[in-house]
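Nothing in this text is a laboratory measurement; each read-out follows from the coordinates by a stated rule. Just so it is clear, the model here is predicted, and its values are computed rather than measured. Every residue, glycine as well, gets a Cβ built from its backbone with ideal geometry; the counts of neighbours run over all protein chains shown.
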Amino acid sequence: MDVPLWFALLVVGALGVKLIRPPWWLVAVLLLGGYLLADSVLAPVIDSTVK
């Protein structure tokens with residue numbers, strides 16, 4: 001099953017805000033950072049580490 005990255009980030013962000021209640025700016029920074037990191041030169045290194 002292929003899930004778009006933006007949808008996965010949206011779901012993780014919504015669950016994180018609902019369960020942990022962090023500040024909104026922290027959620028935005030983490031989501032934007034994760035999105036930018038996934039599209040960077042480091043993506044293959046992160047992918048091989050996760051798998």
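For this structure, a couple of remarks:
- The chain: equivalent-ellipsoid semi-axes (sqrt of 5 x gyration tensor eigenvalues, Cα, Å): 22, 13, 10
- Per-peptide packing, taken as the mean over residues of other Cβ atoms within 10 Å, places 30-36, 18-24 in the sequence 30-36, 18-24 from highest down.
- Acute angle (nearest 10 degrees) that the helix 24-38 long axis makes with the longest principal axis of the chain, alpha-carbon atoms: 10
- Per-residue [θ]222 nm for the chain (sum of -39500 (n - 2.57) over DSSP H runs n ≥ 4, rounded to 500): -24000 deg cm²/dmol
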